[in-house]
1. Here are the criteria: (1) without any contact (Cβ under 8 Å) to a residue 60 or more places away in the chain; (2) over 10 Å from the mean Cα position of the chain (by Cα); (3) not in a loop (DSSP other than H, G, I, E, B). Tell me which single one Ala50 does not satisfy.
2. From the list Gly74, Gly23, which residue is within 18 Å of Asn91 (Cβ to Cβ), in contact (Cβ under 8 Å) with a residue 12 or more places away in the chain and not in a strand (DSSP E or B)?
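The values are calculated or read from the model by the stated rules, or taken from the named source; none is laboratory data. As the structure is a computational prediction, the values presented were derived from the model and not from experiment. Neighbour counts run over all protein chains shown; Cβ positions are idealised from the backbone, glycine included.
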Amino acid sequence: MAITMTESAAERVQSFLLSRGKGLGIRLAVKTSGCSGMAYVLEFADAAEAEDQVFEDHGVTVIVDPKSLAYLDGTELDYGKEGLNEGFKFNNPNEKAACGCGESFTV
């Protein structure tokens, strides 16, 4: 089981953490949402819970709760720019389909 990130994603997260001035890393999770069933949740993490899985890649700590890990195992977090849009992208091998707007997915 692993969660990884590209160098560009790690640089962006480190930049956010530096601007914030604190934080252990980021928390990656899924929640029920959208027309396809699930949506990714990415937020700052100041601590990890005992049951959390903790991964480190390119110097960034990624924390995932056990329920979310079942849907996220093998996911690579990327960051990129396309035209005027920029943001994080989730390369999830478990994802079977995504909604047309790209806000939710199903496994």
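1. Condition (3) is where Ala50 drops out.
2. Gly74
Every residue, every condition in (1) at pLDDT below 95; (2) surrounded by 17 or more Cβ atoms within 10 Å (Cβ to Cβ), yes or no:
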| site | (1), (2) |
| --- | --- |
| Ala2 | yes, no |
| Glu7 | no, no |
| Cys35 | yes, no |
| Ala48 | yes, no |
| Ser68 | yes, yes |
| Gly80 | yes, no |
